[in-house]
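Let me begin by presenting the structure, written as structure tokens, before commenting on it.
Where a number appears in this text, it was derived from the coordinates with a stated rule and is not lab data. Worth saying up front: this structure is predicted, and the values here are computed from it rather than measured. For neighbour counting, all protein chains shown are included, and Cβ atoms are generated from backbone atoms with ideal geometry for every residue, glycine included.
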Amino acid sequence: MKNLAQLMKQAQAMQEKMAELEASLESFELTGNAGGGLVSVTLNGKGTLRQVKIDKSLADPQEIEVLEDLIVAAFTDARQKVQAHAEGEMQKLTGGLSLPGGLKLPF
């Protein structure tokens, strides 16, 4: 029974650490860029869009498709950075243990 109690205590501590990680990801921000920095998109650690910056030189109605493509590219860049950061933080939390396929924490 001592082992079960210890295991439950460890599980509870892991849950608390997961909650802390989730909260820290909410406040963490990363920025993705496209077009040599003409477009930048900032996401928080949970993937929520926080800011879009567009260089004024791209505000040409004739080039709207280029602008749209650059926004998508900047978002993709930022999302990849956020995912890499979240995975790194999760590795720290789990001590390098791999999670079962399809299970992505904390979100």
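Would you confirm, using the coordinates I've provided, whether Gly45 is free of Cβ contacts under 8 Å to residues at least 12 places away in the same chain and either within 22 Å of Lys17 (Cα to Cα) or aromatic (Phe, Trp, Tyr) (or both)? Against the criterion (free of Cβ contacts under 8 Å to residues at least 12 places away in the same chain and either within 22 Å of Lys17 (Cα to Cα) or aromatic (Phe, Trp, Tyr) (or both)), Gly45 does not qualify. Give the residue that is surrounded by the most Cβ atoms within 10 Å (Cβ to Cβ), with candidates limited to residues of region 48-84 that are free of Cβ contacts under 8 Å to residues at least 24 places away in the same chain and of a type in the set (Ser, Thr, Tyr). Among those that are free of Cβ contacts under 8 Å to residues at least 24 places away in the same chain and of a type in the set (Ser, Thr, Tyr), it is Thr48. The set of residues in region 3-29 being among the hydroxyl-bearing types (Ser, Thr, Tyr) and under 18 Å from Gly95 (Cβ atoms) consists of Ser24 alone.
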